[in-house]
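Quick notes on the structure that follows.
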Amino acid sequence: MNTIYKREMSSFFKSPIAYVVIAVYLFVFGYFSMSYNFAGGSVYIGTTLQTMTSILPIIIPIITMKLIADEKRNGTEVLLRTSPISMWEVVLGKFFAAYTLFVIMNAATLIHVFLMAAYAPLPIAETIGAYLGYMLQGLLFVAVGIFASSLTESQIIAAIVGVVILFSTTGLYSIGSLIGGWLGNAIMWISPLTKYAEFANGILNFASVVFYVSFAAIMLLVTESNMERKRWN
Amino acid sequence: MIEIQHLTKKFGNIVALNDLNFTVKKGEILGFLGPNGAGKSTTMNILTGYLPSTSGTVKVDGFDIMENPKEVKKKIGYLPELPPVYGDMTVGEYLTFIANLKNVPLKGRKTKLDDIMYLVKIGDKKGRLIRNLSKGYRQRVGLAQALVGNPQVLVLDEPTVGLDPKQILDIRKLITALGREHTIILSTHILQEVNAVCSSVVMINNGKIAAQGPLSDFAAASNGVSKYNVTIAGDKTLCRETLDKVGSASRVEFIRIDGDNSVFRIESKQNEDSRKEVFRALAENDLPILELRPIGKNLEEVFIEIVGRDQSAETEE
């Protein structure tokens, strides 16, 4: 797993994509942070992060699109499959590499938090909760991105599939609130955004943690079995 | 070392491999021959654990690929049809990555990798990005990859494709040298390659074994001493008289007059080479030999014959 992880990490930083993605991400983050927190005078970083959630469905698939699709196109999938490592090691290595990039991206956004802390007392619980929830949500998004990458040989298709899945899950929140009633509530419950709102309010709901982690695990499980199944056809 | 029994592979309704049986002994270099689409790559993909078989068993050093895939994979170095290289890595980084994948111990690893790079002659390309290397070099990096971890078995799918003639000779020499310590399966459709490096041959066609045996079986038909045409500068009748006296020739047949020369076809008796005797007899009578051409079958003809036979049999069906 470590071998795959290291290779993917170095591969990320050898291609311009990682830098471009990080730059775009930080720019957008800066824009929202500027308008909500600095110009808007809010001390809650959670508002900014929640807005960022609506562009994550584009950012994450760009990071994850090549992870498995490219191995197939390159012919290097043969290498991984004929080496004495399991598909799990491959999937997890790639997953953690992409997630590390996500962590790095967000570590850079902490500058905004520190800047705010210099001018105003911060709501500690809400800030930590907002970031914790955001990172947990990233776990799920990255897992979905990897799953999309395992479906095809084409990076572009992998990216599009990832974007569509992620947008539709985040979109469930709006759909649920439109419908209302028990059905609306049920739909909203599935949406990762609902869970996120709790974290942003500084509530550490164990059920939400389980929700993100278990859904991410399911996505990885499906990815792994999808790759194993492909081998049999 | 490698035992393949009743190996069958179906892709949906298409039968890619049909009841393949063969074994490769330790230290043997097996030439795996067949036209395009015969199932060479499929067999190799199953053997190395990339594809599962539909039925049948593949054992490497006693381990079954389905039951003990990890053990088998540790013992095999595989060079697939397309060298499995990452363009964004340098040759050195790539081989280190492979060494990690194959759990090569850190101790002494650097010397081992340097030795491999020296063997396949890519030492000077260590710091180059694989993306920028030519096809021939990529092929060699792929071969280097297969050698990492010193596996007992090497499975090479058309290792000389894309190389220039000098490189082809180098790689063949290398394979012959590796054959002293490794068991090698080499797929190719270049027949000289089999003649040059292999000790035994398996020919497959349409997913079935068409012929198999030690190279010498195939070479017996191909050494050409049993049958040859000889062109002699001299009169037909005189030549005839002289040739008829040659004891080791079983049959002398007049073919044609070619200007002032006569052409004969001579067949030697079983296990005898009549060429020397023919030369002496003709020389004594001042009949110079202008040309002596063997007309035995070579591996190529055996191959084409087998492939052709199978195809005509199939159209008849």
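The values are calculated or read from the model by the stated rules, or taken from the named source; none is laboratory data. The structure displayed is predicted, hence computed values, not measured ones. Here the Cβ positions follow ideal geometry from the backbone for every residue, glycine too, while neighbour counts run over all protein chains shown.
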Of all residues in region B:59-81, how many are away from every other protein chain (no Cβ under 13 Å) and surrounded by 24 or more Cβ atoms within 10 Å (Cβ to Cβ)?
-> 0
Mind listing whichever residues of region B:117-151 are buried (at least 18 other Cβ atoms within 10 Å of the Cβ), more than 11 Å from chain A (Cβ to nearest Cβ) and not in a helix (DSSP H, G or I)?
-> B:120, B:122, B:133
Do you know which residues across region A:52-72 are within 11 Å of chain B (Cβ to nearest Cβ) and farther than 22 Å from residue B:78 by Cα?
-> A:66
Quick check, is residue B:187 in a strand (DSSP E or B) and not assigned by TED's automatic domain parsing to the domain that holds residue B:54?
-> no
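This table checks each residue for (1) within 19 Å of residue B:45 (Cβ to Cβ); (2) of a type in the set (D, E, K, R); (3) at pLDDT 90 or above.
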| site | (1), (2), (3) |
| --- | --- |
| B:148 | no, no, yes |
| B:151 | yes, no, yes |
| B:156 | yes, no, yes |
| B:161 | yes, no, no |
| B:168 | no, no, no |
| B:176 | no, no, yes |
| B:183 | yes, no, yes |
| B:191 | no, no, no |
Complete set of residues in region A:73-95 that are within 18 Å of residue A:10 (Cβ to Cβ), within 11 Å of another protein chain (Cβ to nearest Cβ) and either assigned to a helix (DSSP H, G or I) or under 23 Å from the mean Cα position of the chain (by Cα) (or both) = A:74, A:79, A:80, A:89, A:90, A:93
If you go through region A:189-208 one residue at a time, do you hit one that is surrounded by fewer than 16 Cβ atoms within 10 Å (Cβ to Cβ), aliphatic (A, V, I, L, M), touching a residue at least 40 places away in the same chain (Cβ under 8 Å) and out of contact with any Ser or Thr (no Cβ under 7 Å at 6 or more places or on another chain)?
-> yes
Regarding residue A:79, is this residue in contact with a Leu (Cβ under 9 Å, 6 or more places away or on another chain), crowded, with 19+ Cβ neighbours inside 10 Å and within 30 Å of residue A:130 (Cα to Cα)?
-> no
Among the listed residues B:27, B:49, B:56, which satisfies the condition of being of a type in the set (Gly, Ala, Ser) and assigned to a strand (DSSP E or B)?
-> B:56
With respect to the numbered conditions (1) away from chain A (no Cβ under 14 Å); (2) in a helix (DSSP H, G or I); (3) within 27 Å of the chain's Cα centre (by Cα), which one is the sole condition not fulfilled by residue B:160?
-> (2)
Residue pairs qualifying under the 6 Å Cβ cut-off, at least six apart or on distinct chains, with the first in region A:14-41 being within 14 Å of chain B (Cβ to nearest Cβ) and the second being surrounded by 13 or more Cβ atoms within 10 Å (Cβ to Cβ), are A:14/B:88; A:18/A:12
Any chance residue B:177 is small (Gly, Ala, Ser) and surrounded by fewer than 14 Cβ atoms within 10 Å (Cβ to Cβ) = yes
Is at least one residue of region B:12-22 crowded, with 18+ Cβ neighbours inside 10 Å, within 14 Å of another protein chain (Cβ to nearest Cβ) and at pLDDT 90 or above?
-> no
Out of curiosity, is residue B:56 more than 12 Å from chain A (Cβ to nearest Cβ), farther than 28 Å from residue B:216 by Cβ, at pLDDT 90 or above and touching a His at 6+ places or on another chain (Cβ under 7 Å)?
-> yes
If you scan region B:82-116, which residues turn out to be surrounded by fewer than 18 Cβ atoms within 10 Å (Cβ to Cβ), facing chain A (nearest Cβ under 8 Å) and either touching a Gly at 6+ places or on another chain (Cβ under 8 Å) or among the polar types (S, T, N, Q) (or both)?
-> B:82, B:103
Can you find even one residue in region A:96-109 that is under 30 Å from residue B:48 (Cα atoms), in contact (Cβ under 8 Å) with a residue 40 or more places away in the chain and within 14 Å of another protein chain (Cβ to nearest Cβ)?
-> yes
Hey, can you tell me all the residues within region B:268-286 that are in a helix (DSSP H, G or I), among the charged types (D, E, K, R) and farther than 15 Å from residue B:231 by Cβ?
-> B:276, B:277, B:280, B:284
